[in-house]
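S.K.: Mind looking over this structure? Questions follow.
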Amino acid sequence: MSENESSASLPEQENPGIEPWWRRSAPLASGASLAIGAATLWFGNMLNRVPLDQHATLSYLLMLPLLLVVPAFSAAGLRLAWLAWFGAQGARMLIAILVLAAVAANLLAIWRFGSALLRIFGG
């Protein structure tokens, strides 16, 4: 087997010099953070309205590992907002507004999710 044939079967390595999209574009990162915050806030509000009966606590206890994805997404949204704020170069005022809205939405989503868990498991 020649040298060209053996190197052709190896997968191409990613270029380590290329940064991910959220570091290259602060407006995209702040917009994505705001979208994550809005979606997780919607889910937290929806979880606050679930009806509770005598078997609901056990059901939600079984679903808890899946439900904990929601605050993890909000934490990722906060991280994106952080990266957008420190990566902003051009339209700083627009990015500041998007970042503040995203941080508020993500923090509110985490709070609504926590209050829903307290409502479900608190009694």
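The values are calculated or read from the model by the stated rules, or taken from the named source; none is laboratory data. Just so it is clear, the model here is predicted, and its values are computed rather than measured. We place every Cβ from the backbone using ideal geometry, glycine too, and count neighbours over all the protein chains shown. Note: areas computed on protein heavy atoms with side chains; ligands, DNA, RNA excluded. Shrake-Rupley method; radii C 1.70, N 1.55, O 1.52, S 1.80 Å.
S.K.: How much net charge surrounds ASN106 when only other residues with a Cβ under 15 Å from its Cβ are counted (Lys, Arg +1; Asp, Glu -1)?
M.R.: +2
S.K.: Would the chain count as rounded, prolate or oblate if I go by the C-alpha gyration tensor, calling it rounded below 1.5 in a/c and otherwise prolate when a/b exceeds b/c, oblate otherwise?
M.R.: Because a/c hits 1.5 or more and a/b fails to exceed b/c, the chain counts as oblate.
S.K.: For SER59 and SER25 in the same chain, what is the full-extension length gain: residue separation times 0.36 nm, less their Cα-Cα distance, in nm?
M.R.: 8.1 nm
S.K.: In addition: Just the number, please: carbon plus sulfur as a percent of the accessible area of the chain, 1.4 Å probe, no ligands or DNA/RNA counted.
M.R.: 68
S.K.: Further question on the same structure: Going by alpha carbons, how many degrees (0 to 90, nearest 10) lie between the helix axis of 56-67 and the longest principal axis of the chain?
M.R.: Between helix and principal axis, roughly 20 degrees.
S.K.: Let me ask you something else. Report the Cα centroid-to-centroid distance between the range 102-120 and the range 16-95 in angstrom, as an integer.
M.R.: 11
S.K.: What does the highest-first list of 82-88, 27-33 look like by mean Cβ count within 10 Å?
M.R.: 27-33, 82-88
S.K.: About its Cα centre, what dipole magnitude does the chain give when the only charges are +1 on Lys and Arg Cβ and -1 on Asp and Glu Cβ, stated in debye to the nearest 20?
M.R.: Around 800 debye, computed over the chain.
S.K.: May I ask you to compute the full-extension gain from ALA39 to LEU66, defined as 0.36 nm times their residue separation minus their alpha-carbon distance, rounded to one decimal in nm?
M.R.: The ALA39-LEU66 span can extend by a further 8.1 nm.
S.K.: With a 1.4 Å probe and all protein chains kept in place, how much accessible area does MET63 have, in Å² rounded to the nearest 10?
M.R.: Using a 1.4 Å probe on the heavy atoms, I get roughly 80 Å².
S.K.: In degrees between 0 and 90, to the nearest 10, how far off the longest principal axis of the chain does helix 92-122 point, with axes built from Cα atoms?
M.R.: 40
S.K.: Keeping every protein chain in place, order SER74, SER115 by accessible area at 1.4 Å, biggest value first, i.e. largest first.
M.R.: SER115, SER74
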